[in-house]
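> Handing you this structure, nothing more for now.
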Amino acid sequence: MARRGRPWVSRRIAGVLVALALVALGVMRWKSGPPASDSVTRRGEPVATVAPLPPPEHRAPATASPAPPPSPSAAQSPGEEPTTGPAVFDLATVAHRTAPQPTSDADRFRTNDRFTAEDLAHPERYFEAAARVPELQRDEERRDVLDYFLAYRAKLERDLDAAGPDAAERSAMLEMIGRYDASIARLRSSLATPAP
């Protein structure tokens, strides 16, 4: 008894071979570049062609740094031009977009549900959080927190100078300044000793 389904397998193999032949033809055309003639016609209608690039010496300077010329290799003959790859783009020359800087103290020292005004009034809570979260013990984080504490302490000084004669308000501000002074000293000493 002959098996049914063999014609289906041969058609599948033939289809795969045709697809591979088309891919190979496409790759050969892609590698050979554009056609030699300047005007290509399709069904009797002219088709626009892309103008070739001008020689490198006539091109406008690009923002990318040019690639250094390759060193001559033993495989090149003396009269042969060395081939160069694509231009190298220097990412260090790209202008960095920075976040907009806060324009007021209210923007800089913002509070929310996770960082409340009570947290802002008690800078020692940073050290409690740093004991639980190792990422907060990195020197970069400590420097950022120190800058923040110094800026907020300066704001408290300005607020104290602008405060009226209310003794209770001035006393609360002086107490908060004292907490910031102690936290700033503690942060500076932790920056002097490496993190564990």
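The values are calculated or read from the model by the stated rules, or taken from the named source; none is laboratory data. What you see is a predicted model, and the numbers here were worked out from it, not measured in a lab. We place every Cβ from the backbone using ideal geometry, glycine too, and count neighbours over all the protein chains shown.
> Can you name the number of the only condition in (1) modelled with pLDDT of 90 or more; (2) loosely packed, with under 10 Cβ neighbours inside 10 Å; (3) of a type in the set (A, V, I, L, M, F, W, C) that Leu174 fails?
Every condition holds for Leu174 apart from (2).
> Let me spell it out: the conditions are (1) modelled with pLDDT of 90 or more; (2) out of contact with any helix residue (DSSP H, G or I) (no Cβ under 6 Å at 6 or more places or on another chain); (3) not small (Gly, Ala, Ser), and Glu124 meets all of them except one. Which number is the exception?
With respect to (1) modelled with pLDDT of 90 or more; (2) out of contact with any helix residue (DSSP H, G or I) (no Cβ under 6 Å at 6 or more places or on another chain); (3) not small (Gly, Ala, Ser), Glu124 is out only on (2).
> In region 128-142, what residues are over 25 Å from the mean Cα position of the chain (by Cα) and either of a type in the set (A, V, I, L, M) or surrounded by 15 or more Cβ atoms within 10 Å (Cβ to Cβ) (or both)? Walk me through how you get there before you give the answer.
Our first condition is that a residue be over 25 Å from the mean Cα position of the chain (by Cα); within region 128-142, this holds for 128-133.
Across region 128-142, the qualifying residues are Ala129, Ala130, Ala131, Val133.
> Right, something else. I'm trying to understand the selection: among the residues of region 19-44, which are surrounded by 10 or more Cβ atoms within 10 Å (Cβ to Cβ) and modelled with pLDDT under 55?
Val40, the sole residue that qualifies.
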